[in-house]
Structures are given as C-alpha cells and as structure tokens.
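Presented below is the structure to which this report refers.
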Amino acid sequence: MSTNNPSQETFLKDYTPPDYLVEAVHLTLELDARATRVRSVMTVRRNGQPLNNVRLVLNGEALLLQSLSINERLLS
C-alpha cells in the first residue's frame, strides 16, 4: 500500500500486505559540494507466492538513475 499524499487517512480495513519485502539496504554516500552520489544495494524478496506478475516499482524524486542490476546482471 502506498500513497503520494501523506495527509490522506489510511484505514486498517484498506490494508493489503506489500507484494515485495525489503530485507536489507546498504547505502554508500559520496558527498561532494556540487553533487552527491548514492549507491544502494538492497535485498528484496517476493512476499509469499506470486499469484500474478506484479512489478517491482522503485520510486524516487530528483534522481538520475545511472545503472540498475539484479543478481549482478546489468539491466538496460
């Protein structure tokens, strides 16, 4: 369950478990006066058995994605 409006009320009756669970996040920060580079390595797994083909969506704001890989395989 996600929302773009943090002031929107969320009720327990509307809760659904997430399709993916983030088990670990390792961040490396390179600080510079002009730009900051962040490297994130995450361990993510499906939450339960896949009943359908649910996509993993990564959200971010004002970011420039330089690369993305899964199991050390670079994605285009």
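The values are calculated or read from the model by the stated rules, or taken from the named source; none is laboratory data. Keep in mind that this is a model prediction, so the values were computed, not measured. Note: ideal-geometry Cβ built from the backbone for every residue, glycine included; neighbour counts use all protein chains shown. Protein only, heavy atoms only, side chains kept; ligands, DNA and RNA dropped before computing areas. Shrake-Rupley method; radii C 1.70, N 1.55, O 1.52, S 1.80 Å.
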Going by what's in this entry, would residue 33 be described as of a type in the set (A, V, I, L, M, F, W, C), modelled with pLDDT of 90 or more and assigned to a strand (DSSP E or B)? no
Quickly run through segment 31-51 and pick out the residues that are within 15 Å of residue 17 (Cβ to Cβ) and either open to solvent by less than 100 Å² (accessible area, probe 1.4 Å) or among the hydroxyl-bearing types (Ser, Thr, Tyr) (or both). 44, 46, 47, 48, 50
Filtered residue count, segment 1-19, keeping only those that are open to solvent by 100 Å² or more (accessible area, probe 1.4 Å) and at pLDDT below 80: 4
